[in-house]
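Input: a single structure, listed below in structure tokens.
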Amino acid sequence: MQELVVHLVSEVSGQTVKHAANTALSKFSGLDVKKYYWPMIKNKTMLLEIVNKIKAKPGVVLFTISNPNLRRLLKESCRELNLPCVSVVSKVINEISEYLGINADDTAGKKNKFDANYFNKVDAIDYALKYDDGQTLEGLNEADIILIGPSRTSKTPISIYLAYNGFKTANIPYVHNCLFPSEIYELKKPLVFGLLINPSRLIEIRENRMNLLQMKDHSNYTDIKIVQEECRNVRKICSENKWHTIDVSMRSIEETAAIIMRHYYAYKMK
């Protein structure tokens, strides 16, 4: 079986280049494909870091980048490495065909949509729902990613978004005056991310939630001192365990998920 490495580079979430790559690759049968996703590449420093990773794992480079300076830098870097660098989708099939030295198979890619990727996605979504909000701790080691953070830091929607992209994701809330589950400290496989947020912003989100539910007793849920302590403790736990942290105060779900995926693939390359 012929092997192919594909790097997918994007300045946003990377969904476009991902779907384009899957469409093109479906035209080739009998390939062992290894894909690396590099979303949210916003500046020269980030792009050069990705170029080094591409150099370490050479292969076809597909991208969606609108910034002309970054586009030019990526193309020049790939040219120096003698690697195909393609802006999706129009030339993807032809470039892969030339790189591999084989012709596209017009009969490939017409298989039933219920393939391995589909069922992996379904499994990931089932897993995310089962392990949402710390419902159960048994089986956490099967996760690819674990999110921790105070209530209302978008752990659930981020988990579902990641699951839709094929990542088994669990999320565990940090609750004031409640012992954080010790099981998580023993895990080896999953990458753990702490979601941080500005306390004032978190209080605003929680108050809106309480008003929506017509609940008047906000108690500790919106007490500024307690909320500040929750945020400090999550940061402390992550620092002590060398877990990644992401400030979600002004980030969308898609942007946060893209950052997590970038860290995950960088970790898997090591």
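Values quoted throughout were computed directly from the atomic coordinates according to the rules given, and no laboratory measurement underlies them. For clarity, every value in this text was computed on a predicted model and none was experimentally measured. FYI the Cβ positions are ideal-geometry reconstructions off the backbone, even for glycines, and counts take in every protein chain you see.
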Using 7 Å Cα-to-Cβ label points, what is the Lys42/Gln15 separation (nm, one decimal)? 1.9
Given H placed on each backbone N at 1.01 Å, which residues far from Val12 in sequence or on other chains put an amide H within less than 5 Å of it? Met40, Ile41
Highest-first arrangement of 161-173, 258-270, where packing means the average Cβ count within 10 Å: 161-173, 258-270
Residue-wise HN-Hα coupling along segment 14-24, computed from phi with Karplus coefficients 6.51, -1.76, 1.60 (Hz; x: Gly, Pro): x, 5, 5, 5, 5, 5, 5, 4, 4, 4, 5
Could you order the peptides 12-24, 144-156, 178-190 from most to least packed, using the average number of other C-beta atoms within 10 Å per residue? 144-156, 12-24, 178-190
Might you list the cysteines of the chain that have no disulfide-compatible partner by the rule of another cysteine's Cβ under 4.7 Å? Cys178, Cys231, Cys238
Under a crude label model (7 Å from the Cα following the beta-carbon direction), how far is Asn211 from Asp223 in nanometres? 2.3
Put a dot 7 Å past each Cα toward the Cβ at Leu81 and Asp247; how far apart are the dots in nm? 3.1
Assuming a ≥ b ≥ c are the square roots of the Cα gyration tensor eigenvalues, decide whether segment 2-100 counts as rounded (a/c under 1.5), prolate (otherwise, with a/b larger than b/c) or oblate. prolate
Can you run phi through the Karplus equation (6.51, -1.76, 1.60; θ = phi - 60°) for segment 155-169 and list ³J(HN,Hα) in whole Hz, with x for Gly and Pro? 4, 5, x, 5, 4, 5, 4, 5, 4, 4, 8, x, 9, 6, 10
Is the shape of the chain best called rounded, prolate or oblate, per the rule: a/c under 1.5 gives rounded, else a/b larger than b/c gives prolate, else oblate, with a ≥ b ≥ c the square roots of the Cα gyration tensor eigenvalues? prolate
Table column - 3J(HN,Hα) (Hz), segment 237-248, Karplus curve with 6.51, -1.76, 1.60, x for Gly and Pro: 4, 5, 5, 5, 9, 6, 8, 5, 10, 9, 7, 9
Once Lys and Arg get +1 and Asp and Glu get -1 on their Cβ, which of Ala143, Leu213, Tyr267 lies farthest toward the positive end of the dipole of segment 116-269? Tyr267
For a Förster distance of 35 Å, can you work out the FRET efficiency between the beta-carbons of Asp123 and Leu179, rounded to the nearest 0.05? 0.70
